[in-house]
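Shown next, in structure tokens, is the structure this report addresses.
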Amino acid sequence: MNKQEIINNVSILLQEIPTSMEIVKDDANREKRFNYLAKYMVEKAIEKDALIVSEDGKGIAILFRTNSKDKNFWKDLVQDIKLAINVTGIKKGLKAMKVQEYVKAQRPKEGDYLYCWFWGIISDARGSDDAKTAYHMKNRFMEISQALQLPIYAETRIRRISIAYQRYGFEMFNEWDHPSGDKMYFLRYFPPPKEN
């Protein structure tokens, strides 16, 4: 699967996520704005060796290794001026930064961890028959987590996604009343110790 196809799939998936639906400026260029955001995310994931794509290309995740002192990652993520101009607009960008402060405060203050920035599965690969895509990706996350002996942190505003994470062995450790009026669920996974 080539990079452009991955970007196209991420762009489609972003249009189902409440947070990206809120932050992407709603105007005649909305489609282009989603594409710009998707390209930004995929390129950042490739640069940080964080892109995970399922065998069928329908599942895409971005799993960063980071820590609270990794200022470059977060600075780039939140303060990219081009992102504000091309995606959010200044007003929505500032609002998103405020929410991000709370979200980031839920993650570890010390040590490295894995952060699931994005995980989506194209709609025709979802459901009971084809749930293998999500299942295989979950296994890949857990293999990485166990090999590195690092926890995984994630959050979502979609309740059914939070339940899926929990079914996959994540624990929900915080539930927050998001400023938009819905809930945000914070989840983490601790790998079992490596066997000698």
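The values are calculated or read from the model by the stated rules, or taken from the named source; none is laboratory data. This structure is a prediction, so every number in the text was calculated from the model and none was measured. FYI the Cβ positions are ideal-geometry reconstructions off the backbone, even for glycines, and counts take in every protein chain you see. All accessible areas refer to the heavy atoms of the entire protein, side chains included, with ligands and DNA or RNA removed. Shrake-Rupley method; radii C 1.70, N 1.55, O 1.52, S 1.80 Å.
So the values come out like this:
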| quantity | calculated |
| --- | --- |
| 14 Å beta-carbon shell around Glu31, net charge (K/R +1, D/E -1) | +3 |
| Leu13 accessible area, assembled protein chains, probe 1.4 Å, Å² | 10 |
| Per residue solvent-accessible surface (Å²) - the chain, probe of 1.4 Å | 56 |
| Net charge over other residues, Cβ less than 10 angstrom from the Cβ of Ser11 (K, R count +1; D, E count -1) | +2 |
| Heavy-atom accessible area ranking, 1.4 Å probe, most first, across Phe34, Phe190, Phe173 | Phe190, Phe173, Phe34 |
| Accessible carbon and sulfur surface of the chain relative to its total accessible area, %, 1.4 Å | 51 |
| Accessible area, probe 1.4 Å, largest first, for residues Arg33, Arg159, Arg188 | Arg159, Arg188, Arg33 |
| GNM result for the chain, Cα springs below 10 Å: residue of Glu175, Glu47, Glu31 fluctuating most strongly | Glu47 |
| Solvent-accessible surface ranking, highest first, for Tyr36, Tyr113 at 1.4 angstrom | Tyr36, Tyr113 |
| Using alpha carbons only: equivalent-ellipsoid semi-axes of region 1-55, gyration tensor based, whole Å | 21, 11, 10 |
| Relative contact order (percent, whole number), region 134-192, Cα cutoff 8 Å, 6+ residue spacing | 40 |
| R0 of 25 Å, Cβ-Cβ distance Met1-Asp26: FRET efficiency to nearest 0.05 | 0.25 |
